[in-house]
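Data block below; observations after.
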There are 2 protein chains.
Amino acid sequence: MLSTLPSLDFFKTSYELRVAQLNEEREKGIKIVGTFCLYVPDEIIFAAGADRIVLCGGRADTIPVAEQSLPRNICPLIKSSFGAVVNACCGGTLACPHVPLVDVVVAEATCDGKKKMYEILPDYLPTYVLDLPQKPGSPEALDYFLSEIKKFGKFMENLTGNVVSNDALRKEIRLANETKRLLHRLFGLRRRDPPPIRGSDVLRVMQKQFFLSPGQFRQGVSQLCDELEHTTPDARAGPRIMISGCPMAAGNTKIVDIIEQKGGVIVVEESCTGTRSFWDCVDEHKDPWEALAERYLEIPCACMTPNDQRIARIVDLAKQYNVQGVVYYTLQFCHAYNIERLRVQKALKKEKIPLLAIESDYGDSDKEQIGIRIDAFLEMIA
Amino acid sequence: MLSTLPSLDFFKTSYELRVAQLNEEREKGIKIVGTFCLYVPDEIIFAAGADRIVLCGGRADTIPVAEQSLPRNICPLIKSSFGAVVNACCGGTLACPHVPLVDVVVAEATCDGKKKMYEILPDYLPTYVLDLPQKPGSPEALDYFLSEIKKFGKFMENLTGNVVSNDALRKEIRLANETKRLLHRLFGLRRRDPPPIRGSDVLRVMQKQFFLSPGQFRQGVSQLCDELEHTTPDARAGPRIMISGCPMAAGNTKIVDIIEQKGGVIVVEESCTGTRSFWDCVDEHKDPWEALAERYLEIPCACMTPNDQRIARIVDLAKQYNVQGVVYYTLQFCHAYNIERLRVQKALKKEKIPLLAIESDYGDSDKEQIGIRIDAFLEMIA
């Protein structure tokens with residue numbers, strides 16, 4: 001549950017507002033795009049006059065229906081997302097209420113599990129896949145990604161009947177950068193000791209970033225920051241913790257809740273539902289397509305190789321936020337983040353920052369065991 | 001064990017010959033490249049005057065040392081390969097005898113597990129990574145891959161001090177096509193009923209393809225075909241089986257051995273250690289770089305999305321080889337092949353060809369259970 005900060009009420013009540021807005025848009029013929037990943041540039045979707053919601057599943061209850069076709073030993077986020085689509089399209093009682101709002105899914109070739117799940121999505125929803133080079137940093141990789149996002153722009157033009165003009169794109173880049181700067185303001189406040197807001201509250205706000213309209217979201221974050229700037233929190237209880245790793249999609253707050261129950265103070269999240277979504281702005285002074293290609297290809301997801309930028313970012317964040325320990329979170333069977341942990345651990349060890357690795361799914365059965373491990377970790381670093 | 005066909009003796013004794021050859025080459029200053037995947041074009045390595053061996057691990061005994069750093073719940077081939085490198089570089093007693101022969105590893109961005117394992121290989125061996133687009137079929141993807149293999153050509157030139165000329169490349173393309181045509185000749189004989197050679201023998205021959213020099217390998221396959229063309233095998237015992245899925249690296253023959261013990265007659269393998277390595281020739285009449293880029297990007301590995309070519313290939317092979325059932329083999333935790341099974345199963349169902357899915361590691365503990373399932377499958381389709 002969100003805490004009692006009055007400005008957080010907005011995020012609690014915004015869900016119905018947003019569903020109403022999306023339904024209205026659909027009636028007007030505005031196209032709604034469903035996405036699953038930060039690598040799909042929202043700016044292009046909005047510049048085409050469409051709207052978007054992120055469909056990543058964080059709930060356990062849609063997993064069983066997914067396991068009727070997908071293997072059980074893949075990541076719970078993929079199963080939960082797929083299960084929500086199947087449920088919605090087959091009139092299941094656990095239907096994700098967002099799926100029926102979507103005209104098309106725009107997916108991306110990131111990890112093996114998602115990439116292959118997307119191949120069976122078209123049985124349920126129209127699906128477009130954006131390719132990604134996996135070795136960023138070369139001019140050729142950038143050229144390839146640029147061609148992919150331009151193709152995606154054409155796809156959006158065909159879908160909506162609108163032109164994706166450079167001016168519209170520039171406007172959307174400016175607006176998205178505004179969101180990013182607001183989130184920097186929010187995260188900046190968390191450098192305080194004690195931080196004025198709990199990690200669990202921030203996570204729930206961040207999860208809303210992927211569902212609300214950017215305008216609604218900015219309004220909420222702005223009010224929240226205004227309030228937090230004048231909040232004097234109680235003295236800090238436990239050690240300052242960074243969470244690093246896989247995203248925690250709406251519905252998934254297990255690890256964060258356990259850390260806080262055990263007395264840890266979460267001050268920053270290096271993940272798609274944390275810094276990875278907003279840390280870097282898009283260059284507003286370049287050709288907008290090139291600026292987008294550059295910025296999006298720099299997202300330090302573990303699907304990239306090598307992912308040195310992520311390692312450097314984690315160490316930098318740990319210092320900036322005066323972190324006493326890192327909880328490295330891997331969604332079960334996510335090979336990319338799981339293996340990348342080795343390099344993260346090595347880099348943090350050099351800085352004498354301890355790391356606790358947790359791999360978990362959306363079930364409850366490991367809560368007790370995780371609690372014991374987190375307890376021991378917090379005691380060790382306190 | 002290889003059967004008693006006299007020509008198979010060559011493959012049994014070729015191991016020592018090859019090791020001696022590689023050692024001699026090294027003394028002469030010839031560079032030896034280690035690879036892990038079909039997507040790395042051998043022709044470029046040979047055209048640069050270097051030699052190559054494939055380092056994919058099929059043995060269980062190198063896995064424990066890999067699990068000291070890699071997660072346990074990733075594919076056994078990745079762990080076995082990595083463990084062999086660690087063992088060899090740290091003087092372990094289970095050292096892979098091939099690793100110390102290698103000057104450099106040329107890896108590729110295929111699946112999540114390998115891609116991320118390659119990031120820790122440089123702690124042990126110099127490593128170069130070739131990027132791959134994941135959505136083949138577009139001119140942009142081809143351009144990107146072309147730029148990647150040309151960059152790789154430059155890398156090989158720097159490594160060896162030799163120029164990779166178009167003429168040298170054309171010569172290597174012709175030779176590699178010759179190997180491919182020989183393997184078509186071998187696999188063609190297996191269309192007979194009964195086939196003149198066991199699947200387990202073919203697998204062990206195919207595994208040697210990745211270790212012997214192309215010349216040695218062609219000599220062996222040619223002799224084998226000559227002999228098989230005049231062999232009259234005993235009447236066939238059980239149903240005709242196709243194996244489809246993940247590669248079976250040298251040392252890994254578990255599933256094949258079980259199928260044959262239970263009376264199945266393996267007639268074709270749709271895998272990297274089967275048809276995927278040789279089915280398509282490189283166009284000898286085009287610019288050699290473009291021809292290589294086109295051919296290699298068409299390899300129907302499950303890391304590609306969508307992988308329609310593979311689905312079509314499987315159905316085609318099942319018909320060509322008059323297959324009564326398909327054993328779909330997934331290395332444990334290989335998400336790409338595991339999820340792609342859905343589409344394969346659907347396509348085969350249309351053709352009324354039954355499929356048995358087996359996911360397994362390199363351990364012995366599931367042999368009994370797999371045996372029971374294969375027994376039941378063979379009985380059902382007999």
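Some notes on this structure:
- The set of residues in the range A:98-125 that are over 18 Å from the mean Cα position of the chain (by Cα), among the charged types (D, E, K, R) and more than 9 Å from chain B (Cβ to nearest Cβ) comprises A:ASP103, A:ASP123.
- Out of B:PHE187, B:PHE155, sole residue that is part of a helix (DSSP H, G or I) and surrounded by fewer than 22 Cβ atoms within 10 Å (Cβ to Cβ): B:PHE155
- So B:LEU212, is it in a loop (DSSP other than H, G, I, E, B), open to solvent by less than 10 Å² (accessible area, probe 1.4 Å) and either basic (Lys, Arg) or in contact (Cβ under 8 Å) with a residue 40 or more places away in the chain (or both): yes
- Residue list for the range A:353-382, restricted to those being outside any helix (DSSP H, G or I) and more than 12 Å from A:VAL326 (Cβ to Cβ): A:GLU359, A:SER360, A:ASP361, A:TYR362, A:GLY363, A:ASP364, A:SER365, A:ASP366, A:ALA382
- B:GLY91 open to solvent by 10 Å² or more (accessible area, probe 1.4 Å), away from chain A (no Cβ under 13 Å) and more than 24 Å from A:ASN307 (Cα to Cα): yes
- The range A:296-329: number of residues that are outside any helix (DSSP H, G or I), closer than 15 Å to B:GLU119 by Cα and aliphatic (A, V, I, L, M): 2
- Of all residues in the range A:74-125, those satisfying the criterion of being out of contact with any His (no Cβ under 6 Å at 6 or more places or on another chain) and within 18 Å of A:ALA302 (Cα to Cα) are A:CYS75, A:PRO76, A:LEU77, A:ILE78, A:ALA107, A:GLU108, A:ALA109, A:THR110, A:CYS111, A:LYS114, A:LYS115, A:LYS116.
- Single residue of the range A:272-295 satisfying the filter (buried (at least 22 other Cβ atoms within 10 Å of the Cβ) and within 30 Å of B:TYR118 (Cβ to Cβ)) that is nearest to the other protein chains (Cβ to nearest Cβ): A:ALA293
- Residues of the range B:126-162 classified as hydrophobic (A, V, I, L, M, F, W, C), away from chain A (no Cβ under 11 Å) and free of Cβ contacts under 8 Å to residues at least 24 places away in the same chain, total: 0
- In the range A:215-241, the qualifying residues are those that are outside any loop (DSSP other than H, G, I, E, B) and among the hydrophobic types (A, V, I, L, M, F, W, C), and the one that is farthest from the chain's Cα centre (by Cα) is A:LEU228.
- Listed by first and then second residue, the pairs with beta-carbon distance under 6 Å, at least 6 apart or on different chains, first residue in the range A:329-343 and facing another protein chain (nearest Cβ under 7 Å) and under 15 Å from B:PHE333 (Cα atoms), second open to solvent by less than 40 Å² (accessible area, probe 1.4 Å) and among the basic types (Lys, Arg), are A:ALA336/B:LYS116; A:ILE339/B:LYS116.
- Scanning the range B:203-227 for residues that are under 12 Å from B:PHE278 (Cβ atoms) and touching an Asp or Glu at 6+ places or on another chain (Cβ under 8 Å) yields a count of 3.
- Residues located in the range A:100-115, provided they are among the β-branched types (Val, Ile, Thr) and farther than 18 Å from A:LEU159 by Cα: A:THR110
- Flag if B:GLU351 is open to solvent by 20 Å² or more (accessible area, probe 1.4 Å) and either closer than 25 Å to B:ASN73 by Cα or modelled with pLDDT of 95 or more (or both): yes
- Flag if A:ALA318 is in contact (Cβ under 8 Å) with a residue 12 or more places away in the chain, surrounded by 21 or more Cβ atoms within 10 Å (Cβ to Cβ) and within 13 Å of another protein chain (Cβ to nearest Cβ): no
- The range B:354-379, residues that are surrounded by fewer than 20 Cβ atoms within 10 Å (Cβ to Cβ) and out of contact with any strand residue (DSSP E or B) (no Cβ under 8 Å at 6 or more places or on another chain): B:GLY363, B:ASP364, B:SER365, B:LYS367, B:GLU368, B:GLN369, B:GLY371, B:ILE372, B:ASP375, B:ALA376, B:GLU379
- Tallying residues that are of a type in the set (S, T, N, Q) and open to solvent by less than 10 Å² (accessible area, probe 1.4 Å) within the range B:8-49 yields 2.
- In the set B:ILE339, B:ILE372, B:ILE353, only one residue is farther than 19 Å from B:THR273 by Cβ and touching a Pro at 6+ places or on another chain (Cβ under 9 Å); that residue is B:ILE339.
- Qualifying positions in the range B:54-79 - free of Cβ contacts under 8 Å to residues at least 60 places away in the same chain, out of contact with any strand residue (DSSP E or B) (no Cβ under 7 Å at 6 or more places or on another chain) and aliphatic (A, V, I, L, M): B:VAL65, B:ALA66, B:LEU70, B:ILE78
- Filter pass, B:ARG341 being open to solvent by 30 Å² or more (accessible area, probe 1.4 Å) and closer than 28 Å to B:GLY58 by Cα: yes
The values are calculated or read from the model by the stated rules, or taken from the named source; none is laboratory data. Since this is a predicted model, take the numbers as computed values, not measurements. So basically every Cβ, Gly included, is an ideal-geometry build from the backbone, and we count neighbours across all protein chains shown. Keep in mind that these areas ignore ligands, DNA and RNA; they rest on the heavy atoms of the full protein, side chains included. Shrake-Rupley method; radii C 1.70, N 1.55, O 1.52, S 1.80 Å.
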